[in-house]
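The values are calculated or read from the model by the stated rules, or taken from the named source; none is laboratory data. What you see is a predicted model; the values in this text were computed from it and never measured. Cβ: placed from backbone, ideal geometry, glycine included. Neighbour counts: every protein chain shown. Calculation scope for accessible area: heavy atoms of the full protein, side chains included, ligands and nucleic acids excluded. Shrake-Rupley method; radii C 1.70, N 1.55, O 1.52, S 1.80 Å.
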Amino acid sequence: MAKTRAPDALISTDGRCRAVIENVRPEVDNGRYPVQRAVGEPVTVEADVFVDGHDRLTSLLLYRREADREWSEVPMVPLGNDRWRATFQATEVGRYRYTVMAWVNHFRSWCHDLARRPDTDPDMKMVFLAGAELIAQTAANTTGRDVERLTAIARTLSGAITVAEKRRVALEEETAKLMDRHAKRRFATRYEKELVLAVDRERARFSTWYEFFPRSCSGDGHGSFLDCEARLRYVAAMGFDVVYLPPIHPIGQSFRKGSNNTLTANPGDVGSPWAIGAKEGGHKAVHPELGTLEDFRWFVVKAGEHGLEVALDIAFQCSPDHPYVREHPEWFRRRADGSVQYAENPPKKYQDIYPFDFEIESWQELWHELKNVVEFWIEQGVRIFRVDNPHTKPFAFWEWLIGEIKRAHPDVLFLSEAFTRPKVMHRLSKLGFTYSYTYFTWRNTKRELTDYFTELTRLEGRDYFRPHVWPNTPDILNEYLQFGGRPAFMVRLVLAATLAANYGIYGPAFELAEGRPREPGSEEYLDSEKYQLRQWDLDRPDSLRDFIARVNRIRRENPALQYDWNLHFHAVDNDKLICYSKASEDRNDIILVVVNLDPHHRQSGWVEVPLDALDIHGGQSYQMHDLLTDARFLWNGPRNYIELDPLEAPAHIFRLRRRVRSEHDFDYFM
């Protein structure tokens, strides 16, 4: 039978490219979505890289800014079992690309073979001649001073000196590095994908948020932005760096909700800020009682003077009085009777809110208008947006909008407020949301917290899902806070501030330990600020403001608490106590936290400290400095006793000092 030439389709690459690259990590959904990091965070890339036979490989990690053409290279290190690793740091905000390349390194393969041969091998002369030829070929394609060095080595290997001396010269690491530097990289294999990395500014990695309603900042009546200067000083003094405002737009009159979410508003009821739009304007307008656009810009500047960045709520929905309803009626769904469909989540009805219809013929016009809303507030100085209920809008819309905004304004950050199903939350993060709210509010037991934060910090979702934890929000007053009293608020604050690098609270309700629900079984606040003005006594003696300030100062002063992935849980023989640690990359800052999860009773137990993991050796004593109380304890060995009374201090935030002074450290010791 006559033989035919193989179809070119079966020879899609050069068959001489023998290296195989697969199972590259991180890689989100086969490269469909970018990996997310913040400036300065390491990007560690691993891959399976192997070849047929026994040849040695060289593998490189390639990376570049998306706008650049030239690649930077980092040599990958073998970890065993054909797994390789390398790390680079993204130093600028924006998008990067990275991939992996590998090829057979014939010189290192030759060295590996040489190292296994005895000096008495009768083929040693031929072996050294083969090595000399490899080096001479490399020298022929090299310029500069290295030509002479390579040529001299080739002569040595083909010369008349002893086998031992030739072996020494050939196997010097400097010789291999010289050959690597000028390797021709023939038949290199490159990973089939260029993976994308999205890099945000540092506030994406570490931030401390405080939410408040500016309309409640006046001592008498409806507050304005100009009334908020004292509140900004107050927030800054507690150590927050982001102040987040609910919607600041005009509020509709039609179907306005009354106090405690009653269906009928009384005269003077201010309505929900999320019912956006009235005769005074819509999403690009400011509520007239809060002030003017100029007043808002003043507020942004004043916040910056106090070290605070303003985050603004984006809620893509309308009250029945919104100008969009009149000017673009086609943007809304209709009921059977021809009226506009209001928001519903049966049995709940929200007659004061009209959702947009994203399936209309003019959907592109709607998308562009909503993008214009975001761009408008960027022009007013806002660079952080908390997005209300993004899971009720199309995924494709968010991918487009965030991509368009970040192309023009790469420093803009988006927080997804999507308390919904896990896969939906993760999809939104993949699409570009910087952070996401979490289920932290409902994780209260030791097992729940350990399992959940292990998931957040250890599984592959961490490459795109950046958790933002909140003990409370205007919508959520968890039962733990309702029944735990002031100690419960302290417990949840410490957990939020030390388990996660990004956290926030809704105040002043939080620091004043507001724990009254609207009715039994509800997570709604009684007399919620969502529907009415509140006057807060910020100087109450039982306020947690000083406690919060101390916890936030601990976060700022300890780099270990400014990252998520360095979290490790430790054993303690009492399920009412939880223990975990975080360490900085250089291990100069090690924080160990123990929290009493029982807000009512004193709890005690024995904590297991992983001495090896914390670089504590043998019988070495070490000091535990409680940064909350300034108390210091001398510990020895892995098991140490803890006792915490929630009425005094429900938690320890220890900073570990590995070395404790002995008599040898003092001048009088001779």
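With the full set of protein chains in place, find how many percent of the accessible area of the chain is carbon and sulfur; take the probe as 1.4 Å. Ligands and nucleic acids excluded, carbon and sulfur reach 49 percent.
To the nearest ten degrees, helix 545-557 and the longest principal axis of the Cα atoms of the chain are 20 degrees apart.
Considering only DSSP beta bridges where both residues belong to the chain, give the percentage that are antiparallel (nearest 5). Each step should come with its number before you reach the end.
Values: 77 of 107 bridges.
Around 70 percent antiparallel, to the nearest 5.
The heavy atoms of Glu643 offer some 80 square angstrom of accessible surface to a 1.4 angstrom probe. Placing +1 on the Cβ of every Lys and Arg and -1 on the Cβ of every Asp and Glu, with nothing else charged, gives the range 262-302 a dipole about its Cα centre of roughly 160 debye.
A simple rule links phi to the HN-Hα coupling: the Karplus curve 6.51 cos²θ - 1.76 cosθ + 1.60 with θ = phi - 60°, which for the range 270-282 gives 8, x, 8, x, 7, 8, 8, x, 7, 4, 6, x, x Hz, with x for Gly and Pro. Rounded to the nearest Hz, the phi-derived 3J(HN,Hα) couplings of the range 82-99 under the Karplus curve 6.51 cos²θ - 1.76 cosθ + 1.60 (θ = phi - 60°) are 6, 9, 10, 8, 8, 9, 9, 10, 8, 9, 9, 5, x, 10, 10, 10, 8, 7, where x marks glycine and proline. Per residue, the accessible area of the chain comes to 46 Å² when a 1.4 Å probe rolls over the protein heavy atoms.
Using just its DSSP H runs of length 4 or more, each adding -39500 (n - 2.57), the chain gives a mean residue ellipticity at 222 nm of -8000 deg cm²/dmol after division by all residues.
Largest to smallest in accessible area, the residues Asp352, Asp180 fall in the order Asp180, Asp352 (1.4 Å probe, all protein chains included). Subtracting the Cα-Cα distance of Gln620 and Tyr439 from 0.36 nm times their residue separation leaves 61.2 nm of extension gain. The mean sequence distance of close C-alpha pairs (under 8 Å, at least 6 residues apart), as a share of the length of the chain, puts its relative contact order at 10 percent. Close amide H partners of Phe332, meaning residues 5 or more places away or on another chain with modelled amide H under 5 Å apart, are Asp357.
Residues in the range 421-436 carry Karplus couplings, in order, of 5, x, 5, 5, 4, 5, 4, 4, 5, 4, 6, x, 5, 5, 10, 9 Hz; the curve used is 6.51 cos²θ - 1.76 cosθ + 1.60 with θ = phi - 60°, and Gly or Pro positions show x. Pairs over the 24 Å Cα-Cα cut-off, from the set Lys279/Lys348; Lys371/Lys430; Lys349/Lys393; Lys530/Lys576: Lys279/Lys348; Lys530/Lys576. Helix 446-458 and the longest principal axis of the Cα set of the chain meet at an angle near 50°. Per-residue accessible area (protein heavy atoms, 1.4 Å probe) orders Lys279, Lys393 as Lys279, Lys393, starting from the largest. If you take the Cα centroid of the range 401-425 and the Cα centroid of the range 441-500, the two points sit 21 Å apart.
Tell me, rounded to the nearest percent, the portion of alpha carbon pairs in the chain spaced more than 34 Å apart.
For the chain, the share of Cα pairs beyond 34 Å comes to 57 percent.
Sorting Phe240, Phe358, Phe187 by accessible area puts them as Phe187, Phe358, Phe240; the probe is 1.4 Å, largest comes first, and only protein heavy atoms count. Each residue was assigned an accessible area with a 1.4 Å probe, and for Trp442 the value is about 80 Å². Placing pseudo-labels 7 Å out from each Cα toward the beta carbon at Asp451 and His182 gives an inter-label distance of 6.1 nm.
Accessible area of Val373 (1.4 Å probe, protein heavy atoms only, ligands and nucleic acids ignored): about 0 Å².
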